[in-house]
Amino acid sequence: MKVLNAYSAGAATLLTAALAMPLAAESWDMPMAYAATNYHSEMGVVFADKVREYTDGGIDITVHPGGSLFGGGDIKRAIQTGQVPIGERLMSSHANEAPILGWDNLPFVATSYADNSKLWEAAKEPVNEVLAEQNLVVLYTCPWPGQGFYFKNEVSGSADLGGLKFRSYNTATATIAEELGMIPVQVEAAELSQALATGVAEAFISSGSTGYDRKVWEHLSHYYKVNAWLPRNYVMVNKSVWDGLDENMQAALQKAGDETGAACEAKSEELSDWYFEQLEANGMTVTDAGTEFLTELQTIGAKMTEEWLASAGENGQKILDAYGQ
Ligand code: PCA
């Protein structure tokens, strides 16, 4: 991981840059789980540029989007074990390891960007503690737009859903599937188009963003805006690597992370309606969920929040108390 720039790159431009920079530069590969053209990945590139600038070229990050270096499900472990120093993933996809990491998929608890930010402020400390125990440090987080349902026909409630194969992306989405009488099947966003094309999955919950990235209109026709929650991706660093950096490097990375997190969140909000327009422009029917479906989801949601509180221990309640719920 630690290489001398002048030897590793060999290019004249980098050699010149190396002369102007502190002794050694580090090259970091940064696996990311989602589409290269998605704003999360584009912001990863912005982050890498900022890091290069703020560290005077001391850390040179190469972004690998779309699960191309490690599949989404393998990224966190790759960072923990030091196979890569940094990477990005959906935080709640690890709620099966530590329930506290599912703070952002409690149905209908925080359904606006402002509330989601407030909830993250409340969750930050216990989440960071759990991640530190797992040898990880969070540099920034960034929300997806609100989550709604994709189907291949009109749906007014669970009576229309029995037995459907439902693509899940974490334990909460698998629970929703089961509660609605569907069969959950875990599929990475990167594999979603294929899963829909081959019938492995017939429906799913996600944002307009992922539906757009995966051209879901080729397989499905209806999107119901439920706005159940706004899950966050997080960019994390291996803690041993982090602890080995001097204070200036840490401060430079944190500055880049703070700025990128804020910019990414703003971008997400800015794009959220635009994604719906794209789904519609490609022939999908995009509407609010009907009362019957919504009422069912609210009942399921309340139960899921109770279950989360039971599994997350006192920190779960502390988060909701601090949030003001
Ligand atoms: N897209 C990701 C997670 C949440 C979202 O909006 C996905 O569907 O995998």
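Descriptive notes on the structure:
- Compared with the direct C-alpha span, the chain from Glu277 to Glu125 gains 51.0 nm at full extension, assuming 0.36 nm per residue.
- Across segment 203-218, computed HN-Hα scalar couplings (Karplus, 6.51 cos²θ - 1.76 cosθ + 1.60, θ = phi - 60°) run 7, 6, 10, 5, 8, x, 4, 6, x, 5, 4, 9, 6, 5, 4, 6 Hz from first to last residue, x flagging Gly and Pro.
- Exceeding the 21 Å Cα-Cα cut-off - candidates Lys225/Lys267; Lys50/Lys76; Lys124/Lys239: Lys50/Lys76
- Scalar couplings 3J(HN,Hα) for segment 96-102, obtained by applying the Karplus form with A = 6.51, B = -1.76, C = 1.60 to θ = phi - 60°, are 5, 7, 8, x, 4, 5, x Hz; x denotes Gly and Pro.
- Rounded to the nearest 0.05, the FRET efficiency derived from the C-beta distance between Ser27 and Glu259 at R0 = 25 Å is 0.70.
- For Lys118 and Lys303, a Förster radius of 25 Å and the Cβ-Cβ distance give a FRET efficiency of 0.60, rounded to the nearest 0.05.
- Computed FRET value (nearest 0.05) for Glu247 with Asp288, which takes r as the C-beta separation and R₀ as 41 Å: 0.25
- Ser168 long-range amide H proximity, modeled H, under 5 Å: Val185, Gln186, Val187
- Accessible surface for Phe47 stands near 0 Å², nearest 10, in the context of the full protein assembly shown (1.4 Å probe).
- P(r) tail fraction, segment 123-255 - alpha-carbon pairs more than 26 Å apart, %: 37
- Distance between the pseudo-spin-label points of Glu270 and Thr198 (7 Å out from Cα toward the beta carbon): 3.8 nm.
- Of the solvent-accessible surface of the chain, computed with a 1.4 Å probe and all protein chains present, 50% belongs to carbon and sulfur.
The values are calculated or read from the model by the stated rules, or taken from the named source; none is laboratory data. These numbers come from a predicted model, not from an experiment. Every residue, glycine as well, gets a Cβ built from its backbone with ideal geometry; the counts of neighbours run over all protein chains shown. Accessible surface is based on the protein model in full, side chains and every heavy atom, while ligands, DNA and RNA are left aside. Shrake-Rupley method; radii C 1.70, N 1.55, O 1.52, S 1.80 Å.
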